[in-house]
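Input: a single structure, listed below in structure tokens.
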Amino acid sequence: MPEKKQDTYQEFIKGLWRDNPVFVQVLGMCPMLAVTNSAVNALVMGGATFFVLVASSFFVSSLKNWIPKQVRISTYIIIIATFVTVTDFTLQALMPVVHKELGAFIPLIVANCMILGRQEAFASRNSVRLAVVDALGMASGFLFALFSLGAVREILGEGALFGFKLFSDDFEPWVIMILPPGGFITLGLLLLLFNWLKERKDRLVAQLDEMEIEPRFRS
Amino acid sequence: MNELVWIFISALLINNFVLAYFLGLCPFLGVSQRLETAFRLGLATIFVMLITALCAWFLNTYILIHAPYLRLISFIVVIASTVQFIEMVIKKMSPGLFRALGIFLPLITTNCAILGLAIFATNKGYGFIEGMVYALGAGLGFTLALVLMAGIREETELAEVPRLIKGTAMNLIIAGILSMAFMGFAGLFSAA
């Protein structure tokens with residue numbers, strides 16, 4: 001039993017950090033750069049993607065024995081599109097202001113290659129429980145990435161976070177950060193940071209290897 | 001007429017799909033290694049975009065009036081199957097054209113730029129001709145961005161770059177600078 005728990009935990013943490021869909025796999029960028037000009041927008045978009053990914057993973061994994069192999073991709077897309085439509089209408093009813101700001105980018109969650117990728121690579125081959133855990137991890141990783149991007153852009157571009165001013169009045173906002181180029185550049189720099197962290201960890205592991213330290217201390 | 005020119009220029013330069021809307025980033029970063037391939041992918045995208053605009057217009061005018069909540073699902077299904085059908089026709093009719101566009105066609109269908117085009121054109125309420133002009137502008141804009149990016153990337157291959165930043169990180173920063181340059185076009189119409 002403890003081994004199984006470990007397994008679940010591994011699947012979850014994999015999506016959140018080690019195989020983070022944005023920073024490590026560089027997937028699903030199309031919708032994410034456009035809407036991350038403020039932390040709130042980023043959170044709503046992340047939440048919408050979260051719901052769609054978890055719900056479709058659950059469905060695909062439950063139905064995996066009934067989906068014919070030849071038309072599996074189209075089936076996944078239709079399942080995803082159904083949940084995106086649900087999300088779209090729900091947001092429109094509950095948060096009309098944010099929905100207007102995100103505009104056409106909510107329906108575009110369908111085309112997020114990260115979601116389809118998880119269905120094909122994981123949900124269609126694993127038990128419902130593992131598929132949901134994997135989806136939870138990946139979606140949290142995506143949410144985390146969106147939020148970091150949105151927060152950095154809002155802090156630098158407007159000098160605020162969630163609309164609260166962070167700096168004194170003589171702070172000159174970097175308007176470029178909330179415009180499209182800022183999205184590209186911020187994501188580029190965040191990827192650079194991730195590469196650096198990964199490289200540093202690899203170096204540490206290599207050093208530990210040389211010192212022949214027990215493998216169980218390595219993560 | 002003036003209206004059409006505006007739609008075209010806006011989709012081509014000011015609201016460039018890649019550099020202002022961040023649509024179609026996957027091929028933009030993935031297939032911009034060689035100028036030649038980038039150009040062919042661009043051509044294939046223009047082609048698919050025109051078909052998409054046609055499908056979207058048809059669905060909106062004749063079918064979705066009765067069931068607007070099916071919009072997303074029917075866009076995806078109809079566009080993907082039409083493109084696949086046309087791919088088969090091209091394969092039969094013109095093997096040369098098929099070799100040039102071929103492998104890209106099925107990939108492009110799942111590209112968010114295609115779906116984005118259909119949704120934007122619907123939201124803006126474009127008719128048939130406006131939709132086609134919009135698709136042409138967007139497709140050419142995508143090709144332009146892709147070809148510029150591929151040209152720059154071919155040059156950077158010879159440059160000495162720190163190992164850490166090589167790859168996607170550097171490409172994204174290049175894209176950011178390109179996007180900054182394209183922002184300059186925003187003044188094109190407000191000044192006139």
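The values are calculated or read from the model by the stated rules, or taken from the named source; none is laboratory data. This one's a predicted model, so the numbers in the text were calculated from it and none came from an experiment. Cβ placement follows ideal geometry from the backbone for every residue including glycine, while neighbour counts extend to all protein chains displayed. Just so you know, the surface numbers come from the protein's heavy atoms only, side chains and all, with ligands and any DNA or RNA stripped out. Shrake-Rupley method; radii C 1.70, N 1.55, O 1.52, S 1.80 Å.
Shape class of the range B:1-110 from the alpha-carbon gyration tensor: oblate, with a/c at 1.5 or above and b/c at least as large as a/b. Working from Cα pairs under 8 Å separated by at least six residues, relative contact order for chain B is 43 percent. Annotation: for a label point projected 7 angstrom from Cα along Cα→Cβ of residue B:124, residues of the range A:98-122 with backbone N closer than 17 Å are A:103-105. Shielding of peptide A:109-117 by partners, expressed as the average count of other chain Cβ atoms within 10 Å per residue Cβ, is 3. Here the Karplus relation 6.51 cos²θ - 1.76 cosθ + 1.60, evaluated at θ = phi - 60°, turns the backbone of the range A:160-172 into coupling constants of 8, 9, 6, x, 8, 5, 9, 10, 6, 5, 7, 6, 8 Hz, with x for every Gly and Pro. When each of the peptides A:195-205, A:57-67 is scored by the mean number of other C-beta atoms lying within 10 Å of its residues, the order from highest to lowest reads A:57-67, A:195-205. Each stretch of four or more DSSP H residues adds -39500 (n - 2.57); spread over every residue of chain B, this sum gives -22500 deg cm²/dmol at 222 nm.
Across the range A:2-211, the relative contact order, built from alpha-carbon pairs under 8 Å that are at least six residues apart, equals 34 percent. Dimensions of the range A:2-211 from C-alpha coordinates, computed as largest minus smallest value along each principal axis and given longest first, are 62, 59, 29 Å.
Taking a ≥ b ≥ c as the square roots of the eigenvalues of the Cα gyration tensor, the range B:2-190 is classed as oblate, since a/c reaches at least 1.5 and a/b does not exceed b/c. Comparing B:159, B:20, B:44 in a Gaussian network model of chain B (Cα springs below 10 Å), the most mobile by mean-square fluctuation is B:159. Here the calculated FRET efficiency for residue B:163 and residue B:63, from their Cβ-Cβ distance with R0 = 35 Å, stands at 0.05, rounded to the nearest 0.05. Here the 3J(HN,Hα) profile of the range A:101-114, calculated from phi with Karplus coefficients 6.51, -1.76 and 1.60 at θ = phi - 60°, is 5, 6, x, 6, 7, 5, x, 6, 4, 3, 7, 6, 5, 4 Hz, Gly and Pro shown as x. Helices assigned as whole DSSP H runs in chain B whose Cα atoms extend at least 18 Å along their own long axis and whose mean Kyte-Doolittle hydropathy is -1.0 or higher are found at B:35-58, B:71-93, B:128-156, B:168-183.
Taking 7 Å steps out from each Cα toward its Cβ at residue B:85 and residue A:74 produces label points 1.2 nm apart. Here the extension length gained between residue A:200 and residue A:171 equals 7.0 nm, from 0.36 nm per residue of separation less the Cα-Cα distance. Model label points for residue A:25 and residue B:77, set 7 angstrom from Cα along the Cα-to-Cβ axis, are 2.7 nm apart. Cβ screening of chain B for cysteine pairs under 4.7 Å finds these without a partner: B:26, B:55. Counting only other chain Cβ atoms within 10 Å of each residue's Cβ, the peptide B:164-170 averages 6.
Of the accessible area of the protein assembly as shown, computed with a 1.4 Å probe over protein heavy atoms only, carbon and sulfur atoms account for 68 percent. Put simply, the amide H of residue A:161, placed in the peptide plane, has neighbours under 5 Å in A:166, leaving out anything fewer than 5 places away on its chain.
Working from label points 7 Å from Cα in the Cα-to-Cβ sense, the residue A:7 to residue B:181 distance is 5.3 nm. Using the Cβ-Cβ distance between residue B:152 and residue A:211 with R0 set to 60 Å, the FRET efficiency from 1/(1 + (r/R0)^6) comes to roughly 0.85.
From the alpha carbon centroid of the range A:28-60 to that of the range A:68-120 is 9 Å.
Need one word for the protein assembly as shown: rounded, prolate or oblate. Basis is the Cα gyration tensor (sqrt eigenvalues a ≥ b ≥ c); a/c below 1.5 gives rounded, then a/b vs b/c decides. It is rounded, given that a/c, with a ≥ b ≥ c, falls under 1.5. In nm, what is the difference between 0.36 nm times the number of residues separating residue A:120 and residue A:63 and their Cα-Cα distance? Extra length from residue A:120 to residue A:63 when fully extended: 19.2 nm.
Mean residue ellipticity, 222 nm, helices only, chain A: the sum of -39500 (n - 2.57) across DSSP H runs of n ≥ 4, divided by residue count and rounded to 500, is -22000 deg cm²/dmol.
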